[in-house]
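Asks: Pasting a structure here, questions to come.
The values are calculated or read from the model by the stated rules, or taken from the named source; none is laboratory data. Owing to the predicted nature of the structure, the values given are computational and were not obtained by experimental measurement. When we count neighbours, we look across all protein chains shown, and the Cβ atoms used for this are built from the backbone with ideal geometry, even at glycine.
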Amino acid sequence: MAEEKRIVLRNYGKIDPLSIDDYINAGGYKALEKARSMGQKEVIDEVKNSGLRGRGGAGFNAGTKWGFSYSTEADQKYVVCNADEGEPGTYKDRIIMENDPQSLLEGMAICGYAIGATKGFIYMRGEYPYVAEIVQKAIDQAKAKGVLGGFDIEIRLGAGAYVCGEETALIESIEGHRGEPRFKPPYPGVAGLWGKPTVVNNVETLANVPVIIEKGADWYKSIGAANYPGTKVFTLSGDVVNKTFFELPTDATIRDVVFGMGGGIVGGKKFKAVQIGGTSGGFIPESLLDTPVDFDSMAKIGATLGSGAVFVMDEDTDLIDVIERITKFFEHESCGKCTPCREGTKRMHEILQKVNGGNGTADDIALSEKLGKVMSRACLCGLGQAAPAPFLTTLEHFKADYDAKLV
Ligand SMILES: Cc1cc2nc3c(=O)[nH]c(=O)nc-3n(C[C@H](O)[C@H](O)[C@H](O)COP(=O)(O)O)c2cc1C
């Protein structure tokens with residue numbers, strides 16, 4: 001079974017999060033100093049060569065993303081940290097920010113130096129006011145110590161919309177507009193916040209950066225899966241013994257997560273399914289538990305690694321009931337900007353309500369499947385594109401559960 005390896009949680013429980021001196025004594029801000037002694041392009045290449053890919057869900061190479069902003073000429077550039085963490089069951093970014101806020105600030109400052117940005121924003125989930133207090137204190141201490149140099153960081157709080165975690169809706173929200181996604185391209189790296197080149201990275205992605213600069217790309221690349229190196233922080237919930245968080249190398253398997261670190265199913269019951277990556281994640285049956293958790297291996301089985309939220313379900317779970325609730329969530333959270341999502345999430349919820357209530361037919365299931373396939377291709381942003389995944393994957397792996405409820 002895979003064993004825990006802490007990179008982003010390196011200081012967890014070892015330092016006082018409210019003491020910048022503790023962070024510095026643990027080696028903090030050495031990486032920023034080192035980065036500033038390197039060329040900007042050299043820093044970007046180090047991050048690119050490390051293979052670090054986004055931990056917020058889309059899995060894009062972080063250094064490549066930084067390269068877009070670096071090579072776009074502008075009078076102002078921005079670093080935005082995505083701390084929206086709206087995915088139900090996910091709390092890894094909170095753990096990082098509560099326990100080691102300076103590591104995030106250092107990662108942002110390194111990115112700022114690399115792309116030539118003097119301003120950073122942390123867009124934080126509105127439900128985390130107590131985390132914002134900790135991070136604000138950390139910012140104040142870093143400013144007072146002068147470690148950030150000319151790089152300024154401000155916090156912006158969200159207002160509870162799931163879609164505001166989508167990077168362009170997030171940018172709209174910071175600008176003071178309704179949180180609705182933009183058409184892409186242009187991508188934020190080229191034209192983001194107020195039309196300026198903007199790197200948007202997740203908290204966990206940025207917390208990896210100081211260690212990569214300090215220890216080098218080759219060291220990082222040697223950990224975990226070849227195509228998605230490093231570690232991943234997982235948060236477990238549902239019918240699992242250890243409802244907790246941990247950090248594993250990315251070559252661990254789903255079985256390592258659920259039965260190794262997770263300790264298996266509560267009460268000695270049998271495993272039924274696991275959903276990874278949050279509400280839009282695919283449902284995974286027992287036969288696929290030996291799949292590695294890295295981004296590409298998960299994509300191959302129609303699932304996602306996403307944010308690393310792990311929702312475990314035992315043999316007594318009514319999957320169709322779970323799916324009905326999920327479709328309700330997406331109907332509620334759809335921003336309404338594009339028709340396939342606004343209408344599709346509503347109709348899919350209606351059909352699932354009918355099926356779960358024992359009034360659905362095989363035709364209803366076929367219609368919903370068609371609808372889901374259209375949505376995954378036609379919706380404007382990842383919310384609508386991923387919304388049908390739980391339905392489609394349960395239909396693939398647990399068809400008997402649907403059949404049992406049909407008239
Ligand atoms: C509906 C929706 C919600 C999202 N929520 C989050 C979130 O809470 N946190 C996050 O980091 N990324 C979230 N993302 C992904 C972001 O759009 C983006 O890919 C990410 O911030 C990029 O950072 P990374 O490359 O470091 O992962 C969401 C995407 C969608 C479509």
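Asks: Can you work out which of the residues in segment 370-395 that are of a type in the set (G, A, S) and under 17 Å from the mean Cα position of the chain (by Cα) is nearest to the ligand (Cβ to nearest atom)?
Replies: Let us first name the residues in segment 370-395 that are of a type in the set (G, A, S), namely 372, 376, 378, 382, 384, 386-387, 389.
Still in the list and also under 17 Å from the mean Cα position of the chain (by Cα): 382, 384, 386-387, 389.
Values: G382: 3, G384: 9, A386: 7, A387: 9, A389: 12 Å.
Among residues in segment 370-395 that are of a type in the set (G, A, S) and under 17 Å from the mean Cα position of the chain (by Cα), the one nearest to the ligand (Cβ to nearest atom) is G382.
Asks: Which residue out of T205, T231 is crowded, with 20+ Cβ neighbours inside 10 Å, under 26 Å from S50 (Cβ atoms), among the hydroxyl-bearing types (S, T, Y) and assigned by TED's automatic domain parsing to the domain that holds I134?
Replies: Criteria check complete, one pass: T205.
Asks: Okay, moving on. Determine which member of the set E87, E172, E167 is over 23 Å from G28 (Cα atoms) and modelled with pLDDT under 95.
Replies: Selected residue: E87, the only one of E87, E172, E167 that is over 23 Å from G28 (Cα atoms) and modelled with pLDDT under 95.
Asks: Keeping to segment 246-259, report how many residues are surrounded by fewer than 20 Cβ atoms within 10 Å (Cβ to Cβ) and of a type in the set (A, V, I, L, M, F, W, C).
Replies: Of the residues in segment 246-259, 1 are surrounded by fewer than 20 Cβ atoms within 10 Å (Cβ to Cβ) and of a type in the set (A, V, I, L, M, F, W, C).
Asks: Now a separate question. Looking only at residues in segment 15-56 that are over 30 Å from G306 (Cβ atoms) and acidic (D, E), which one is nearest to the ligand (Cβ to nearest atom)?
Replies: Selected residue: E42.
Asks: Within segment 4-22, can one find any residue that is surrounded by fewer than 15 Cβ atoms within 10 Å (Cβ to Cβ), within 22 Å of the chain's Cα centre (by Cα) and touching a residue at least 60 places away in the same chain (Cβ under 8 Å)?
Replies: Yes, segment 4-22 contains at least one residue that is surrounded by fewer than 15 Cβ atoms within 10 Å (Cβ to Cβ), within 22 Å of the chain's Cα centre (by Cα) and touching a residue at least 60 places away in the same chain (Cβ under 8 Å).
Asks: Still on this structure, I have one more. Go through segment 190-211 residue by residue and tally those that are near the ligand (Cβ under 9 Å from one of its atoms) and either at positive phi or touching a Pro at 6+ places or on another chain (Cβ under 7 Å) (or both). I'd like the intermediate steps shown before the answer.
Replies: Taking segment 190-211 first, the residues near the ligand (Cβ under 9 Å from one of its atoms) are 199-206.
Checking the rest, the ones that are also either at positive phi or touching a Pro at 6+ places or on another chain (Cβ under 7 Å) (or both) come to 200.
Here the count works out to 1.
Asks: Can you tell me which residue in segment 260-286 is nearest to the chain's Cα centre (by Cα), limited to those that are free of Cβ contacts under 8 Å to residues at least 40 places away in the same chain and part of a helix (DSSP H, G or I)?
Replies: Ranking the qualifying residues of segment 260-286, first place goes to E286.
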